[in-house]
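Peer 1: For reference, the structure I am asking about is given below.
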Amino acid sequence: MQSVYDAAQYVNGEDTTYTFIDYKPGETRDMPVLRAGNVNAPGEIAPRGYLTVLSPGDPRFTERGSGRLELADRIFSDSAALAARVIVNRVWDWHFGRPLVPTPSDFGVQGEKPSHPELLDDLAARFIAHGWSLKWLNKEIMMSAAYQQQSKPRADGNAADPTNVLLWRMNPRRLDVESYRDSLLRAAGRLDDKLYGVSDDLQSENFTRRTIYGRVSRNNTSTLLRLYDFPDANQTSPGRDVTTTSLQQLFVMNSAFMQRLGDALADEVRKDETYTLKIRDLYRKVLSRDPSVEELAEGRKYLTEGTVERFAQILLSTNEEIFSR
């Protein structure tokens, strides 16, 4: 309601079964503290304002309205240095798969220290100097030598820094579940990339749109999302834990979803006259490359006893499909 227009919010506690919220447009109001969360036991008024610890002056908001505009102004004025570091840290995480500060939502004393504090300070300062331009920040990171490194290990690097904290190589990264599902559907020629419209059931056999259009239920999470580290929809999450489990492998081996995609891929190469052509085209569709001599030989050997459908499913199940290097 308050994202559409400013309105005062009143909690109506008259009903014993339901809690109703009343809004009065154009009115401003400071909310009271509700003792033990009881709407019928209001305590002292908590004035609208900014965080005292981050305010060099009076933290209270004085303008009429909800205070959203004043909050935004204070974040980028009173807390500019902190806000810039938080943004830079998250953008860095998007590109590298690992933030400079491992606790992106906690820069306080209980959070972890940055691995490269001088780098974080430098990028934050120049980010502000360039007018808080995310376009500049993304370009600056992606044009850096650190970002453009190969992921191939080196003996000297492994000996000096086996966990790659010093960024001597690019870490191979696993796709998030949304990108992984979209990539599988695209490889099988089944991805419906039309834009807009209502969400639909991710569990449905007929739902082939991008995963962003899938309906997320707080009580019944999609099997695919649940297996590949989708966060709990009942609470906020600053990031995702990446796990590797046997259930993930069982999913790509046995699920009806993967079998349908394997069947669809086999249909794509059905007109190819030889096993060699089928294998080549499957590699191109799934992994965007030609097979090596050894891979071609292994593929032909498999197809003398196995089916094209299951061979296609095997390619969809490989690490190369889910990892970016």
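The values are calculated or read from the model by the stated rules, or taken from the named source; none is laboratory data. Predicted model only: the values in this text are computed from it and were never measured. With ideal geometry, Cβ positions are generated from the backbone for all residues, glycine too; neighbour counts draw on all protein chains shown.
Peer 1: If you take the residues of segment 169-204 that are among the basic types (K, R) and out of contact with any helix residue (DSSP H, G or I) (no Cβ under 8 Å at 6 or more places or on another chain), which of them is surrounded by the most Cβ atoms within 10 Å (Cβ to Cβ)?
Peer 2: So, considering only residues that are among the basic types (K, R) and out of contact with any helix residue (DSSP H, G or I) (no Cβ under 8 Å at 6 or more places or on another chain), the one surrounded by the most Cβ atoms within 10 Å (Cβ to Cβ) is R173.
Peer 1: I've got another one for you. Those residues that are without any contact (Cβ under 8 Å) to a residue 60 or more places away in the chain and either exposed (fewer than 11 other Cβ atoms within 10 Å of the Cβ) or charged (D, E, K, R) (or both), I need them from segment 224-242; list them, please.
Peer 2: Result: R226, D229, D232, N234, Q235, T236, D241.
Peer 1: Another one. So which of G13, G65, G49, G37 ends up being in contact (Cβ under 8 Å) with a residue 40 or more places away in the chain, more than 30 Å from D122 (Cβ to Cβ) and not assigned by TED's automatic domain parsing to the domain that holds A125? Break it down into steps so the answer makes sense when it comes.
Peer 2: Details: G13 fails: in contact (Cβ under 8 Å) with a residue 40 or more places away in the chain; G49 fails: in contact (Cβ under 8 Å) with a residue 40 or more places away in the chain; G37 fails: in contact (Cβ under 8 Å) with a residue 40 or more places away in the chain.
None of the other options fit; the residue is G65.
Peer 1: Return the only residue of T211, T221 being in contact (Cβ under 8 Å) with a residue 24 or more places away in the chain, outside the structural domain of R310 (by TED's automatic domain parsing) and either touching a Ser or Thr at 6+ places or on another chain (Cβ under 6 Å) or within 25 Å of R173 (Cβ to Cβ) (or both).
Peer 2: T211
Peer 1: Then there's this: Just the residues that are part of a loop (DSSP other than H, G, I, E, B) and either farther than 20 Å from D182 by Cβ or modelled with pLDDT of 90 or more (or both), please, taken from segment 231-249.
Peer 2: D232, N234, Q235, T236, S237, P238, G239, D241, T243, T244, T245, listed by residue number.
Peer 1: Go through the residues of segment 98-115 one by one and say whether even a single one is without any contact (Cβ under 8 Å) to a residue 60 or more places away in the chain, assigned to a helix (DSSP H, G or I) and surrounded by 15 or more Cβ atoms within 10 Å (Cβ to Cβ).
Peer 2: no
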